[in-house]
1. With the contact rule set at Cα under 8 Å and sequence spacing of 6 or more, what percent relative contact order holds for chain A?
2. Of the accessible area of the stretch B:83-124, with the probe set at 1.4 angstrom, what percent is carbon plus sulfur?
3. So if I average 1/r over every pair of distinct C-alpha atoms in the stretch B:60-150 and take the inverse, what Kirkwood radius in Å does that give?
4. Taking the alpha carbon gyration tensor of the stretch A:118-256, what are the square roots of 5 times its eigenvalues, largest first, to the nearest whole Å?
5. Using a 1.4 angstrom probe, figure out how much accessible area the stretch A:143-255 has per residue, in square angstrom, rounded to the nearest whole.
6. Non-local amide H neighbours of B:THR208 (under 5 Å, H modeled in plane, Pro and chain starts lacking H): which ones?
7. May I ask you to rank A:LYS114, A:LYS205 by accessible area, largest first, using a 1.4 Å probe over the protein chains only?
8. Top mean-square fluctuation among B:TYR159, B:TYR21, B:TYR139, Gaussian network model of chain B, C-alpha springs under 10 Å?
Amino acid sequence: MDTVVDNQALAAAPAPWGRVRRSRYLADRVLKIACTLFTLLGAFVLGWILLMLLYEGIGGLSPAVFTETTPGPGTQGGGIANAIVGSLVLTTLGIVVATPIGVLAGTYLAEYGKGSVLATVIRFVNDILLAAPSILIGLFVYILMVQPMGGYSGWAGGVALAIIAVPVIVRSTEDMLRLVPGSLREAGAALGAPMSKVIVMISWKAARAGMVTGVILATARIAGETAPLLFTALNNNFWFSPTLMGGVSNLPVTIYQFALAPYENWRELAWAGALIITMSILALSVVARLILRKDRIR
Amino acid sequence: MQSVRRRTSPVFDQGFRWASYGSALIVLAVLAGIIGTMIYGGWPAFQEFGFGFITSSIWNVGGEQFGAWVAITGTLTSALIALVIGVPISIGIAIFLTQLCPPWLRRPVSTVIELLAAVPSIIYGMWGLFVFAPLFANYVQIPLTTLVEGMPIIGTILYARVPSGVGMLTAGIILAIMIIPFIASITRDMLDQIPSILRESAYGIGCTTWEVVRHVLLPQAGVSIIGAVMLGLGRALGETMAVTFVIGNANRLSLSLFDPSSTIASRIANEFNEASGLHMSALLALGCILFVVTFIVLALARLLIARVKTP
């Protein structure tokens, strides 16, 4: 429990064996002010970034942004509809590939493997992947898929995003399954249910909210990833081909290319795209938190 | 109970077990695959330049001469700057959240700090380049440069030849902002785990908050805070998009913190799509070095913070 001790009163009132010395009081003051300022600074930076996005991005938000495709160099107007749809497709592809793998691997760690050496190793490897530089995952998928398949493709982009999403889902799934009390599983096993049934019907059900949260957080994580897409899905100015072969337009890479371009309308579109993607990701993160919170309260 | 039995065949039970086992092995395979492709792809460059690949600072695409030294020092320097700025702030935030913050304010404040981690890195890059860099150039670089010009050592470190706002220090500052939420939230969790009886007894004998933090909390959580810092370092080393926007992408060694430079990740991001042959191999070799360094850092981090929740 939190005990908030009022140190001002502590400093003012004489302790039984004497007064709090001035230097001690000063050090305490400095610490408190510094910590509060640092926290305000963190909140201030977030506010600053969001306000800047609104300020720069909202002017560029027009219906054309959502209906027209990205303009070529030097042409006027245009939108980022193809990039928005492409991003949705790539993110969906990534999460559809990652969810079963992540959930099952997390289930292995929490239910089957538990204390085994293999599970310990995989848990460690998963933690490394969770924080591994995403650009290296782009390089890996480039060698794995782009080179053999002879060109950039949406499939490669989806796989790269999936590789980033899997560790997030593994981690949250395992953490949530570990919170499920063992007595629930024992009750299921006592009814004669096989292990798979106990896991699917009891453990998964009990941990459902947490697992969904993990998937949402993974979606939020990959939706804004740029580096791994640079070498896999790349980008183009058109709608993606239905086979997902060739470059697939997506928001992050479009923002990257347009923000640094010398054309006025490109920069405006980059800001509009940045606003759209950041707001979507923050909304996803907040929703994930709310789901978990609601579940905890219940 | 009957229905439980009837609908689950032993085949499903076994299949489920093997599917989860297989999925867990995929995680292993991915890491092995990353190591494998980096070594395989970078091999020609390592073979061509040998140890000189690491120590040489020549990066000449046309002349097929590649040395990683500038990118390596750029990566390490920017990450170091990020730690110097970010660590005190992160620990301060964690102390605020666990010791000073009124209970009703805890959740909103931690949510705000954690949302900083959710903002995509490309947004930090845009913010850094278009908003932060001009302000930094006008209000920090130009005054400082006129102030320190001609001074020994400081005059070199803080002298901006072209005060454009982009450069090593800007990259370090942006990285600091990006790693603060990670270090702060892990440190907060670690501080929360310290039994409250320790704190309360320290307060009980008349300690001030500063003394409780200094003599009780930090020694207790010390090792895991170092782990959290290493985790932040791992992220700072590999961060790509934000750094690519603000570091200036120049291949030159400079003692000035205001001069443009490049990191391993920013160089790969900038050059990979136009690379082929030995150039591409050199970039993959860079990736290999980055992977080895971050792997060591992250592994140490994991050993130090046995197991805490990351957002």
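1. Relative CO of chain A lands at 24 percent.
2. Here carbon and sulfur together make up 74 percent of the probe-accessible area.
3. Radius from the Kirkwood sum: 17.2 Å.
4. That gives 37, 15, 14 Å for the three semi-axes.
5. In whole numbers, the stretch A:143-255 has 35 Å² accessible per residue.
6. Excluding prolines and chain starts, which carry no amide H, there are no hits.
7. I get A:LYS205, A:LYS114, largest accessible area first.
8. B:TYR21
The values are calculated or read from the model by the stated rules, or taken from the named source; none is laboratory data. Just so we're clear, the structure is a prediction, and the values are computed from it rather than from any experiment. All Cβ positions, even for glycine, are placed from backbone atoms using ideal geometry, and neighbour counts span all protein chains on display. Surface accessibility is based on the protein's heavy atoms, side chains included, excluding ligands, DNA and RNA. Shrake-Rupley method; radii C 1.70, N 1.55, O 1.52, S 1.80 Å.
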